[in-house]
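I have placed the structure first, in the form of structure tokens, so that the comments after it can refer back to it.
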Amino acid sequence: MNPAGAFYSPGPPFAMAMPALPYAPAALHPTAVPIPAPAAFYPAAPMPALAAFYPGGVPMQAPLPRPFRVPVNAVWADNFDAVRRDMGYFAAHARCVAVKVHYPGVIHGAQDLGALTAEKRYTVLKANVDALKPLQVGLAVATDDGRFAAWEFNLSDFDPDADPHAVQSLLHLGRRGLNCLEHRLRGVPMEQLTRALRRSGLLSSRPGVSLVTHTGAYHLAYLMKVLNGGDPLPGDMAGFLGSVRRSLGEDVYDVARMAADCRDMPVGLEHIAGRLRLAPPLALHPLAGAGSVLALEAFITLRYHQFRGDVTRYKGVLHGLQTV
């Protein structure tokens, strides 16, 4: 049904255009290794490479954007091995990785998170993430040679008849196209994704790689759960943030926090994407893979067109944890 590398029909019908991508040449990144580029269904951006704001790069005024849509590759058990082999190339050349995780709602804690301290918000987050199983992990990658990849890893561990969940959250995800039965029958066990991510090095603390999310507290918490093989989160917020830095590096950014400082910027990832006129991803459903693509494109656009490359003040600040 979804062969390896298959493209999907257009996603949400909002008019957008892809931002210019100011990547540094591979020569500026000595850790990059000469792994051959994988199959052609991981496209390169149809625009000239630009010097970036990485060490040694020279800031440049970006050219006018061109339309460009990133295809989302749905990953199931039957094409998981092919995708796993491709991840090595993107791990070696990645300059920005965006993550979005779908999970079965929130079952613990107060509704008004703004009334809580950051530490108490973390306590609520930990209670939920420790108790629930992730459903999908979306990863989008931009490389130093202008290539893009987006994967939507569909996990098989969650059983709606046995595992705790919020009913309304599952109904919402179902309306967006997530099929829990298909996940049980065709999905990837979380332990296999854990091993693949660890071995690929795609998610690591390597300098020069930015990790991006949107309203990121829960997304990063579930990502850490996957990377740690389902282990409980650390006992306090300092321990959690330290674990994030050790596993993912210092350059962790939340698009929601960045967008909050932009005049007239709406709330919500798809609304932010519409305001920035981003190209919608090529995805069958607006789920985790498509969300990771929009987060990646929004970060690139905000960083280089709104903040002129200087996003230091947003480093490590997660919406839903330090801010709400």
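The values are calculated or read from the model by the stated rules, or taken from the named source; none is laboratory data. Computed from a predicted model, the values in this text were never measured in an experiment. Cβ sites come from the backbone with ideal geometry, for glycine too, and all protein chains shown count toward neighbours. Surface areas here come from the heavy atoms of the whole protein model, side chains and all, with no ligands, DNA or RNA. Shrake-Rupley method; radii C 1.70, N 1.55, O 1.52, S 1.80 Å.
For segment 94-153, the direction-averaged projected area of the alpha-carbon convex hull comes to 5.4 nm².
Treating only the Cα positions of segment 184-236 as identical point scatterers, give the base-10 log of I(q)/I(0) from the Debye formula at each q in 0.25, 0.28, 0.30, 0.32 Å⁻¹. Log-scaled intensity ratios, in q order: -1.14, -1.20, -1.21, -1.22.
Per residue, how much space in cubic angstrom lies within the convex hull of the C-alpha atoms of segment 72-314?
127 Å³
Ordering P266, M87, V209 by Cα displacement along the dipole of segment 72-314 toward the positive end leaves V209 in first place; charges were set at the Cβ atoms of Lys, Arg (+1) and Asp, Glu (-1). With protein chains left intact and a 1.4 Å probe, residues in segment 89-161 average 30 Å² of accessible area per residue. Every pair of different Cα atoms in segment 163-307 enters the Kirkwood calculation, which places the hydrodynamic radius at 17.0 Å. What do you get for GluC sites (Glu not before Pro) in segment 139-238 restricted to DSSP loop and a cutoff of at most 14 other Cβ within 10 Å of the site's Cβ? Answer in residue order: no site qualifies.
Available extension along the chain between E119 and D145 is 5.3 nm, counting 0.36 nm per residue and deducting the alpha carbon span.
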